[in-house]
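The values are calculated or read from the model by the stated rules, or taken from the named source; none is laboratory data. If you're wondering where the values come from, they're calculated on a predicted model, not measured in any experiment. In this analysis, Cβ positions are derived from the backbone assuming ideal geometry, glycine residues included, and neighbour counts consider all displayed protein chains.
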Amino acid sequence: MSRAAGWFCRAALAALPLAWMLAPQPLGAQSGGLLTQSGQPLSIEADRGVEWRRKEQVYIARGNATARQGKTSIRADELQAHYRKGAENRTRFWKVTATGNVGIETAKETASGESAVYIVDSGVFILRGRNLKLSNKSQTITATNRIEYRSRELRAYVIGNAKVVDGDRTVRASRFVAYLKDAEGDKVALRRVEAEGGVVITTGTEVIRADRGDYDSESKLATLTGNVKLTRCENQLNGEKAVVNLKTGVSRMVGRVRVLLVPGDSAKKCKRADSARPETTGGGNAAQKVGSASGVKAGTGLAQRIKVLPRPRGN
């Protein structure tokens with residue numbers, strides 16, 4: 001092919017969607033997740049043209065490039081669609097890479113990052129960069145290193161300043177695994193988070209810190225282990241394990257517990273309901289000693305209600 005003919009082909013491809021890419025082989029439906037492969041055609045458009053490298057079996061689109069298939073779209077400064085030749089010499093795309101200002105939209109979620117790689121056969125999408133985000137209508141997951149989203153398993157591995165916002169509750173950690181679920185209206189919702197490394201859970205009234213944490217979005221229960229510190233207003237509970245109901249505000253500390261209570265006017269500002277006050281579950285006399293030392297009325301059995309006593313007059 002002459003240089004003039006080659007230039008003409010590249011110019012034509014830059015001006016039109018890639019009609020010759022509209023026949024990828026179906027790989028089985030993946031319930032509408034990222035880059036669903038349902039046998040629908042794949043089209044790619046770009047402002048600065050498209051390059052077809054036959055020997056490398058890749059199409060490269062540059063300049064506000066967008067790939068669309070059904071309700072899913074991927075946009076980036078540069079897109080590369082890698083393919084293989086299957087039966088009857090038909091094109092089968094197996095990997096898509098995106099670089100620069102990556103944005104992904106599907107019927108269920110949106111995602112963004114500096115770069116992304118999608119492995120079609122396994123349904124795995126890997127986002128990298130500083131400002132990573134995976135979100136739906138009710139929850140948002142962010143990170144500064146890597147988000148690996150496995151669409152078939154509805155699971156996300158989040159690394160580097162990992163954070164998930166679930167309503168008025170926030171979970172932070174060095175890394176965590178987020179388990180998702182199919183929700184009403186063809187959406188995806190957060191089911192559970194397993195967090196590790198500097199775990200911090202915050203609500204409108206409390207902050208909980210621990211080495212590890214397990215947060216259940218459905219029951220609103222958080223189980224934390226390792227150097228647990230629960231701060232509610234100015235009161236603190238410290239222990240090795242805690243089970244916190246973030247919906248009712250009831251907390252249970254397991255094992256040896258240390259409690260710091262701040263009575264008086266500062267405690268009244270919290271205006272907590274009786275059912276929202278923390279509980280401790282300790283080991284017999286150890287728990288009662290903590291209660292007595294902290295000015296707390298001890299209860300019977302292992303569980304005891306912590307009550308802030310009024311400040312004596314004249315103090």
Checklist entry - Out of the residues in the range 91-122 that are outside any strand (DSSP E or B) and of a type in the set (D, E, K, R), which is farthest from Asn64 (Cα to Cα)? => result Asp121
Checklist entry - in contact with an Asp or Glu (Cβ under 6 Å, 6 or more places away or on another chain) and among the polar types (S, T, N, Q) - does that describe any residue in the range 205-219? => result yes
Item to check | Answer from Arg90, Arg75, Arg84, Arg62 - the residue that is surrounded by 17 or more Cβ atoms within 10 Å (Cβ to Cβ), within 17 Å of Leu42 (Cα to Cα), more than 22 Å from the chain's Cα centre (by Cα) and of a type outside the set (A, V, I, L, M, F, W, C) | outcome: Arg62
Checklist entry - What is the one condition in (1) of a type in the set (Asp, Glu); (2) touching a Leu at 6+ places or on another chain (Cβ under 8 Å); (3) under 21 Å from Leu190 (Cα atoms) that Glu105 does not satisfy? => result (2)
Next on the checklist: Suppose we filter Glu196, Glu153, Glu148 for residues that are on the phi < 0 side of the Ramachandran plot and not in a strand (DSSP E or B); which single one remains?
Outcome noted: Glu153
Checklist entry - When you scan the range 106-154, how many residues do you find that are touching a residue at least 40 places away in the same chain (Cβ under 8 Å), within 23 Å of Tyr83 (Cα to Cα) and of a type outside the set (Gly, Ala, Ser)? => result 7
Item to check | Check on Gly226, closer than 17 Å to Ala242 by Cα, touching a residue at least 40 places away in the same chain (Cβ under 8 Å) and touching a strand residue (DSSP E or B) at 6+ places or on another chain (Cβ under 8 Å) | outcome: no
Next on the checklist: Condition first: among the hydroxyl-bearing types (Ser, Thr, Tyr) and over 30 Å from Thr223 (Cα atoms). Can you find one or more residues in the range 122-144 that meet it?
Outcome noted: yes
Next on the checklist: What's the total number of residues in the range 123-141 that are closer than 19 Å to Arg75 by Cα, assigned to a strand (DSSP E or B) and of a type in the set (S, T, N, Q)?
Outcome noted: 1
Checklist entry - Can you pull out the residues in the range 201-247 that are under 21 Å from the mean Cα position of the chain (by Cα), part of a loop (DSSP other than H, G, I, E, B) and surrounded by fewer than 18 Cβ atoms within 10 Å (Cβ to Cβ)? => result Gly204, Glu218, Ser219, Lys220, Lys247
Checklist entry - Across the range 229-260, what is the number of residues that are of a type in the set (S, T, N, Q), free of Cβ contacts under 8 Å to residues at least 60 places away in the same chain and closer than 15 Å to Val207 by Cβ? => result 4
Checklist entry - Out of the residues in the range 134-164 that are over 20 Å from Ala107 (Cα atoms), within 8 Å of the chain's Cα centre (by Cα) and β-branched (Val, Ile, Thr), which is modelled with the highest pLDDT? => result Val158
Checklist entry - Is it the case that Ala67 is modelled with pLDDT of 90 or more and either assigned to a strand (DSSP E or B) or within 20 Å of Val177 (Cβ to Cβ) (or both)? => result no
Next on the checklist: Regarding the range 21-44, can at least one residue be identified that is modelled with pLDDT of 90 or more, at negative phi, surrounded by fewer than 21 Cβ atoms within 10 Å (Cβ to Cβ) and in a strand (DSSP E or B)?
Outcome noted: no
